[in-house]
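The values are calculated or read from the model by the stated rules, or taken from the named source; none is laboratory data. Everything quoted here is computed from the prediction, not taken from an experiment. Every residue, glycine as well, gets a Cβ built from its backbone with ideal geometry; the counts of neighbours run over all protein chains shown. The area values use the complete protein model at the heavy-atom level, side chains included, leaving out ligands, DNA and RNA. Shrake-Rupley method; radii C 1.70, N 1.55, O 1.52, S 1.80 Å.
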Amino acid sequence: MYIATVIPLAKGSQKEYLSYFSATDIPIGSVVVIPVRSRVLDAIVINTEEVINIKSDIKNADYQLKKIIKIKGDSPFDKSFFTACQKIKNYTVGNTGTVIKSLLPAAFIENIPLLKKPQPKEEGSENIRHEKLIFQAIQPDRLAFYRTLIREAFAKKESLFICVPTRYDIDLYNKELAKGIEQYVFTFHSDMTKKDLTHKYNSVIEGQHPILIIGTGIFMSIPRHDIKTIIVEHESSDTYKQITRPFIDIRSFAEILSSVQKTKLIFGDTLLRPETLYRHDQGELGEISSPLYRLPQTENQTVVDMKEEVDEKGKKTFTTISKETKKMIDSALSQNKSIFLFTVRKGLAPITVCNDCGNTLLCPSCSTPIVLYGTKQISANKGTTPRIFMCNKCGKKEKTEVSCPKCSSWNLTPLGIGIDKVHEEIKSLYPKTKIIQIDKETTKTNKEAAAAIDLFNKTPGSILIGTEMAFSYLQEDVYSSAVISLDGLFSIPNFNITQKILHIIEKLHSITLSNIIIQTRIPENKILQYILSGNVLPLCREDLSERKDFGYPPFKRLIKITFEGTSKETEQARAFIEKILGDYDPQIFSAFVGKVKGQYITNTVIKVDPKLWPLIETEKHTIDPVLKETLSRLPPSFSVNIDPEDLL
């Protein structure tokens, strides 16, 4: 009889390790089925001992050991993946089982008896020098480089893994890179059936020829030992950040995995994240070539000042669709061409303008349009009125009792252009045209979104109205595009808003064949001016400078702690956080949507020196043990998110 120590593979599991009886000596790394209270879970065996050696410990235990239900088979991943999971577990303050569950396709665990055993790793491969490189260039140039890189790798009998954020990126990169080597290119994504995943997994494991794998992050677990290069494409995509506990960032995991495996790592994008570019500037990351900071096709852009729009009588008026945009749509429809209109989702707080002079209220700290909060952002603190102006970029708050800084008028009005308003306006202007809408409320599932885009592609002379969500599905070019309200983007509560706007414009350029119109009430906005010039290097430098002033990444490591509960529980939680994290200057505030289903949502943000919370620990730099212990001891009602995409 043996005692097996296992790691449960379950999200939300509070226990790191559990122990069970086993009639046989189970090999380390095997997947077994265990009983946990009323549930039956998969688990990884990490140790076994004969009962005779620990008999006294068993007698003195204050609990009764249960038996392992069954042995599923060998682990579908190798030691390096397991080690990387343990390292990212420390970084995210999670537990190993939850991390593995988040990074391993469920089909691999369920179909273990059908999976082929990986080939043994060749000795000496760990001596390969670990390189971390950036590649900032336009997509055609990156694709050309990857084709050359693949040929060179195959010649050296090496395989590659290209990690992409969505399955639609998989289709694009497969189309561009598989020509001539189709039999050696394998694509993996979560929409595949268990049968297809199992078949492809076994083909990858059994194949002798070098291969190219194109897949989403969870398929980096595939144990193909001749993979010597990992490429993280569209590195700036926030889709890489998982939205459920333990909030793993696939980009961070790829870096940890490559450091464990000593494989080359390449971060590629048209515009990389500021954090990544800063690390390059500091000499932490090398480069494929000098990073380019230019946006393509700048001559095809037209900026429309919405303050100058007039009605039939020549009087200035607030309108959703400018005359210039209507002309663009009319021209495209007359040629039976497709149009894409980009807008923000409904429900976002709008910009605020002066009715007397038309001035848009800007943040006095960073010149970003300020947003009126109060109608939907509910505070848990009774007796307070949370109506304030706030900058979503730097966080500066202003009382609502403010006047126009240009003409001193109190006649201020919030103006918003959400997706439903745009759809309504376009429908009234073009009642006979097929109009398709894509956003999280209209197309709630992946299937619905894909069907909407398919209908758009198959209907010449149609109009697609979409939020940022549309970019994940749009693979075919459109004739003309328009940003209905650039100003509305500033209502998005995200400290990365400058980069987000740059990527939206860059993406529009990449899919638009003819012209792009940008509607705004602030044509003098510096972000827009840099976009029009095509050279965004000065903007990126300004953004880094502002991040340093405001204490944002890469100069600080952000840790967000979220609590959900009743009004009384929230007050107690705030006091509790102040007590245990007071030394770290916690910033406690209500979430962007402060109340959901009767529960108040409160966020706490602490900012620490990145050296005190490094992604890859060294002898000189390790994770702050006191802070880590404090965060790991938080009750389950608190969630911890390292490197959050937003603070609200």
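In the set (1) surrounded by fewer than 16 Cβ atoms within 10 Å (Cβ to Cβ); (2) within 22 Å of Gln261 (Cα to Cα); (3) within 24 Å of the chain's Cα centre (by Cα), the condition left unmet by Lys132 is number (1).
Contact list please: Cβ distance under 6 Å, first residue in the stretch 177-204 and within 18 Å of Ile150 (Cα to Cα) and open to solvent by less than 40 Å² (accessible area, probe 1.4 Å), second residue modelled with pLDDT of 95 or more and charged (D, E, K, R), pairs at least six apart or on different chains. Going by the 6 Å Cβ cut-off, the qualifying pairs are Phe186/Lys200; Val204/Arg224.
Restricting attention to the stretch 136-164, the residues that are within 19 Å of Lys507 (Cβ to Cβ) and either charged (D, E, K, R) or open to solvent by 20 Å² or more (accessible area, probe 1.4 Å) (or both) total 5. Could you check, for the stretch 327-345, whether at least one of its residues is open to solvent by 10 Å² or more (accessible area, probe 1.4 Å), under 29 Å from Cys391 (Cα atoms) and either of a type in the set (D, E, K, R) or at pLDDT 90 or above (or both)? Yes, there is a match, as at least one residue in the stretch 327-345 is open to solvent by 10 Å² or more (accessible area, probe 1.4 Å), under 29 Å from Cys391 (Cα atoms) and either of a type in the set (D, E, K, R) or at pLDDT 90 or above (or both).
Checking each residue in the stretch 571-587 for being in contact with a helix residue (DSSP H, G or I) (Cβ under 8 Å, 6 or more places away or on another chain) and of a type outside the set (A, V, I, L, M) picks out Tyr584, Pro586.
Within the stretch 639-648, take every residue that is within 23 Å of Lys611 (Cα to Cα) and in a loop (DSSP other than H, G, I, E, B) and give me the one that is farthest from the chain's Cα centre (by Cα). Filtering first and then ranking leaves Leu647. Restricting the stretch 281-306 to residues that are open to solvent by 50 Å² or more (accessible area, probe 1.4 Å) and part of a helix (DSSP H, G or I) leaves a set whose member that is modelled with the lowest pLDDT is Glu299.
Within the stretch 620-636, one or more residues are open to solvent by less than 40 Å² (accessible area, probe 1.4 Å) and within 14 Å of Phe563 (Cβ to Cβ). Selection over the stretch 405-450 of residues that are in a loop (DSSP other than H, G, I, E, B) and farther than 25 Å from Cys357 by Cβ gives a count of 12.
Residue by residue, here is whether (1) within 30 Å of Ala450 (Cβ to Cβ); (2) at pLDDT 95 or above; (3) of a type outside the set (A, V, I, L, M); (4) in contact with a His (Cβ under 8 Å, 6 or more places away or on another chain) holds:
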residue: Glu123; (1), (2), (3), (4): no, no, yes, no
residue: Lys157; (1), (2), (3), (4): no, yes, yes, no
residue: Thr193; (1), (2), (3), (4): yes, yes, yes, no
residue: Ser203; (1), (2), (3), (4): yes, yes, yes, no
residue: Thr216; (1), (2), (3), (4): yes, yes, yes, yes
residue: Ile222; (1), (2), (3), (4): yes, yes, no, no
residue: Glu233; (1), (2), (3), (4): yes, yes, yes, no
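Consider Thr442 carefully, then state whether it is of a type in the set (Ser, Thr, Tyr) and over 26 Å from the mean Cα position of the chain (by Cα). So Thr442 does not fit the description; no. Please determine whether any residue of the stretch 471-482 is outside any loop (DSSP other than H, G, I, E, B) and in contact with a Lys or Arg (Cβ under 6 Å, 6 or more places away or on another chain). Yes, that holds for at least one residue. The residue that is most open to solvent (accessible area, probe 1.4 Å), among those in the stretch 576-602 that are within 11 Å of Glu564 (Cβ to Cβ) and without any contact (Cβ under 8 Å) to a residue 40 or more places away in the chain, is Lys597.
Of all residues in the stretch 434-456, how many are crowded, with 17+ Cβ neighbours inside 10 Å and closer than 17 Å to Thr166 by Cβ? Final tally of qualifying residues: 7. Looking at the structure I just gave you, is Tyr17 among the aromatic types (Phe, Trp, Tyr), at pLDDT below 95 and within 26 Å of Thr244 (Cβ to Cβ)? Against the criterion (among the aromatic types (Phe, Trp, Tyr), at pLDDT below 95 and within 26 Å of Thr244 (Cβ to Cβ)), Tyr17 qualifies. Give the residues of the stretch 499-527 that are crowded, with 24+ Cβ neighbours inside 10 Å and modelled with pLDDT under 90, sorted by residue number. Across the stretch 499-527, there are no qualifying residues. Can you tell me which residue is nearest to Lys101 (Cα to Cα) among those in the stretch 1-40 that are in contact with a Ser or Thr (Cβ under 8 Å, 6 or more places away or on another chain), surrounded by 15 or more Cβ atoms within 10 Å (Cβ to Cβ) and hydroxyl-bearing (Ser, Thr, Tyr)? By that ranking, first place goes to Ser13.
Within the stretch 528-537, is there a residue that is open to solvent by 50 Å² or more (accessible area, probe 1.4 Å), free of Cβ contacts under 8 Å to residues at least 40 places away in the same chain and of a type outside the set (A, V, I, L, M)? Don't jump to the end; show me each part of the working.
Filtering the stretch 528-537 for residues open to solvent by 50 Å² or more (accessible area, probe 1.4 Å) gives 529-530, 532-533, 535.
Still in the running and free of Cβ contacts under 8 Å to residues at least 40 places away in the same chain: 529-530.
Those left that are additionally of a type outside the set (A, V, I, L, M): 529-530.
Yes, the conditions are met somewhere in the stretch 528-537.
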